[in-house]
1. Can you tell me, using C-alpha contacts under 8 Å and at least 6 residues apart, the relative contact order of the stretch 250-386 as a whole percent?
2. Note the full-extension length gain between GLU372 and ARG393 as 0.36 nm times their separation in residues minus their Cα-Cα distance, in nm to one decimal.
3. Residue-wise, which Karplus ³J(HN,Hα) couplings in Hz belong to the stretch 265-273, taking 6.51 cos²θ - 1.76 cosθ + 1.60, θ = phi - 60°, and x for glycine or proline?
4. Between ASP325 and LEU64, what is the label-to-label distance in nm when each label sits 7 Å out along the Cα-to-Cβ direction?
5. Run the quick spin-label model on ILE90 and SER201: label points 7 Å from Cα toward the beta carbon, then report their separation in nm to one decimal.
6. Give the shape of the stretch 207-282 as rounded, prolate or oblate, defined through the alpha-carbon gyration tensor: a ≥ b ≥ c are the square roots of its eigenvalues, a/c under 1.5 means rounded, and otherwise the shape is prolate if a/b is larger than b/c and oblate if not.
7. For the stretch 304-383, what % of the accessible area comes from carbon and sulfur atoms, probe 1.4 Å?
Amino acid sequence: MGFDKHAPGGLSCAAVPEADAKMPAETDSGAAPIGGLTPLPVLLRMLSRHRVAPRYRHRARRRLLMSAALEPLRWYEKLRYRRLLASTEIHPEPIFLLGYGRSGTTHLHNLLWHDRRFGVVTNYQAALQPIALTGQGRLERRLAAVMPSRRPMDNVAVTADSPQEEEIALMNSSEHTPLRFMDFPQALPALYDRYLTDLGSDPAVLAAWKRDYLDVLRKATVLSGGRRLVLKTPPHTGRVPVLLELFPQARFIHIVRNPYDVYRSMRNMYRKILPPQVLQEFDWQTIDDWTLSAYCTTVARYLETRSMIPDGRLFEIRYEDLDSDPLAMLGRLYTALDLPDFAEARPELERYLNDLGSFEKNRFDLSAETVETVNEHWGLSFDAFGYERLDPREVAAQAEPDGAGSTV
């Protein structure tokens, strides 16, 4: 389905009350932190700006040791490949996949990755961004051997060469990413907004972000043999003006999903990825309240700026439609955005979808409390994207004693 991109986007967001309850962060779960290979100078700057909680000092020390061990290889790569990267031209018409987290961007990314005419930032590059060119071969094989086979938050299969968000590559190479809030949650919301809805308000911050982001894309271009990049990171949903400034000929695909499913899935994701990541104390109520606020401001920003995208360069889609008939929706997408002939990619996509047939999604109960919360704070999503607003009283009345719920 499509939406009128010229519809007004100045929709208000309900205020989110400040949380009172203080709940300690969980202890280590054994999962590897995101950004565990941050360059030493970047990590030192971050640690000087943000206080580390006493019980997480061992994490900070461990990351410092890993970063220090990385420094010789990082400098080797920087010096050896400086001229190659400086001369690398990024395809001028990348494809940006927009959509708030847990809205189906990963599924769409994986589908387009199976059109081998496109390149992506891979899990390998994202994990080893500072030394991704030097590490080809041996380090790539070692990463593949130790990677989990599925993502912890949603059971999606992953491999070293499958697509990953550019934001993860930035977490392993730069301080200029909103995902740093996962290290320093007490810096919310300012740290997050600086590199998303506020990106561009400070020229120095914008210049630094552009430099580091383009470095990620140049390495992705080299590693993918110069192919046109399909790029996915949910924060891009609030960065349309900046992306157009970098790539005026870019194509954009925006995917939305039922807001009740998004909220439940976001809460689940943070409960799995934050405990082994944080360097500061936090409480879950604050994270839940911020999740409500961040969704609202990001979606509002997209609605306000999508009219900047020229006609024929934006395709909007619902996750539910893509999930029910992916080949038909992809065919429409390719035609609408004037992408290469879809027929050439179709056989590989059919094989991938057949293999995906047994994929089992996470299951969560839909509670009356969730419905009431989403209705109160995310009204703009129902208005803009046409999803049905449920009645929490009806949901409560229909609740089954065995806890059966819908899949997300």
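The values are calculated or read from the model by the stated rules, or taken from the named source; none is laboratory data. Since this is a predicted model, take the numbers as computed values, not measurements. All Cβ positions, even for glycine, are placed from backbone atoms using ideal geometry, and neighbour counts span all protein chains on display. For the accessible areas, the whole protein counts, side chains as well, though only heavy atoms, and no ligand, DNA or RNA atoms are used. Shrake-Rupley method; radii C 1.70, N 1.55, O 1.52, S 1.80 Å.
1. Relative contact order of the stretch 250-386: 43 percent.
2. 6.7 nm
3. Each residue of the stretch 265-273 in turn: 6, 5, 4, 4, 4, 4, 5, 9, 9 Hz.
4. 5.9
5. It is 2.4 nm.
6. prolate
7. 42
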